[in-house]
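Right, one structure below, let's go through it.
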Amino acid sequence: MGESMTTVLEDHPVVASVKDQQGLEAVLRSPCQVVFLLYGSVLDLPALVARLKDHGKTVLVNVDLIDGFSGKEIVVRYVKENTAADGILSSKAPMVRAARQLGLFAVHRFFLVDSLSYHNLAKHVRMSKADCVEILPGCMPRVISWAVADLDVPLIAGGLVCDRDDVFAALKAGAAAIASSNRDVWAM
C-alpha cells in the first residue's frame, strides 16, 4: 500500500459501493478500481476481499456492516490479519483510529442529517485521524463545499449519488471522489 489515499482517489475518483453478490459480480467487470465492500460476514469476508483483490481492486471494508462483527477495535485487527483489504470505513472513530494504527487506509463515514452533525464533523475527523471522510448523503454540493473548506483530508461524497449531474456537482463542489452503488455511475 505505497500510495496515499489522496493519490488513490485522484487516480480513481469513482468508488464502487458494493452491497450484495450481484454488485460484486458487476464490479468485477467494471472499470472501478476502488471498492467499498458493504456486505458479508465474518465467515465469507476473506474470500470476498480475495476475489476483489484478484481483479486488481483496492478494497475497503465497511466494518460497521459485516455480519458477526462487533463495534470493537479487534475487528480492524481481524480485517488486517485475515484479509488482503487495503482499509476500512466506519462511522466509529475508534475503528478509524485502529485502522490507521495498523497501517490500513481509514475512511470515517458521517451521516449529515442536520446542522449539529455538520458542526461536529471537523472535530470528529481530527479525533479519528482519518485518511479521508465520506459524507452521506453525497448529493449536497453546498454542504460538500463547506466541508471541504473545514477539513484537512479528502472528502468522498457517498449515498444518493445517482447520476452524472450528481457526480459532477459533487466533484465541482470539491469532493475528491464519489461513492455509489449505482452501476451506471461506475461506468463514468
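Residue pairs whose Cβ atoms lie under 9 Å apart, sitting 6 or more positions apart in sequence or on different chains, and linking a residue in region 116-142 that is touching a residue at least 60 places away in the same chain (Cβ under 8 Å) to a partner that is in a helix (DSSP H, G or I) and open to solvent by 50 Å² or more (accessible area, probe 1.4 Å), are ASP131/THR6; ASP131/ARG100; CYS132/THR6. Can you tell me how many residues within region 66-82 are among the aliphatic types (A, V, I, L, M) and either open to solvent by 70 Å² or more (accessible area, probe 1.4 Å) or touching a residue at least 40 places away in the same chain (Cβ under 8 Å) (or both)? Adding up the residues that qualify gives 1.
Of all residues in region 109-140, those being of a type outside the set (A, V, I, L, M, F, W, C) and in a loop (DSSP other than H, G, I, E, B) number 6.
If you go through region 1-23 and pick out every residue that is under 13 Å from TRP186 (Cβ atoms) and crowded, with 23+ Cβ neighbours inside 10 Å, you end up with 4. Pairs, please: C-beta under 6 Å, at least 6 apart or cross-chain, first residue without any contact (Cβ under 8 Å) to a residue 24 or more places away in the chain and in region 172-184, second part of a loop (DSSP other than H, G, I, E, B) and not small (Gly, Ala, Ser)? Taking only residues 6 or more apart or on different chains, the pairs are ASN182/CYS162. Applying a threshold of 7 Å to beta carbon distances and a minimum spacing of six or more residues, or different chains, the list of pairs starting in region 11-30 at a residue that is of a type in the set (S, T, N, Q) and ending at one that is crowded, with 18+ Cβ neighbours inside 10 Å and assigned to a helix (DSSP H, G or I) reads SER30/TRP186. Per the conditions (1) at pLDDT 95 or above; (2) closer than 22 Å to GLY174 by Cβ; (3) β-branched (Val, Ile, Thr), the sole criterion not satisfied by VAL42 is (2). Considering (1) within 22 Å of VAL96 (Cβ to Cβ); (2) modelled with pLDDT of 95 or more, the lone condition that LYS72 does not fulfil carries the number (2). I need the full set of residues from region 28-43 which are open to solvent by less than 10 Å² (accessible area, probe 1.4 Å) and out of contact with any helix residue (DSSP H, G or I) (no Cβ under 7 Å at 6 or more places or on another chain), in order please. PHE36, the sole residue that qualifies.
Is region 114-124 home to any residue that is open to solvent by less than 10 Å² (accessible area, probe 1.4 Å), among the small types (Gly, Ala, Ser) and more than 16 Å from THR6 (Cβ to Cβ)? Scanning region 114-124 turns up no residue that is open to solvent by less than 10 Å² (accessible area, probe 1.4 Å), among the small types (Gly, Ala, Ser) and more than 16 Å from THR6 (Cβ to Cβ). Taking each residue of region 144-161 that is in contact (Cβ under 8 Å) with a residue 40 or more places away in the chain and farther than 18 Å from SER91 by Cα and looking for partners that are among the polar types (S, T, N, Q) and assigned to a loop (DSSP other than H, G, I, E, B) with beta-carbon atoms closer than 7 Å, six or more apart or interchain, yields nothing.
Considering the conditions (1) under 30 Å from GLU73 (Cα atoms); (2) of a type outside the set (Ser, Thr, Tyr); (3) part of a loop (DSSP other than H, G, I, E, B); (4) within 16 Å of the chain's Cα centre (by Cα), ALA106 is excluded by exactly one of them, (3).
The set of residues from region 126-145 being hydrophobic (A, V, I, L, M, F, W, C) and in contact with a helix residue (DSSP H, G or I) (Cβ under 7 Å, 6 or more places away or on another chain) comprises MET127, ALA130, CYS132, VAL133, ILE135, CYS139, VAL143, ILE144.
The values are calculated or read from the model by the stated rules, or taken from the named source; none is laboratory data. Here the structure is a predicted model, which means the values were calculated and not measured. We place every Cβ from the backbone using ideal geometry, glycine too, and count neighbours over all the protein chains shown. Ligands, DNA and RNA are stripped out before the accessible areas are found, and what is left, the full protein with its side chains, is counted by its heavy atoms. Shrake-Rupley method; radii C 1.70, N 1.55, O 1.52, S 1.80 Å.
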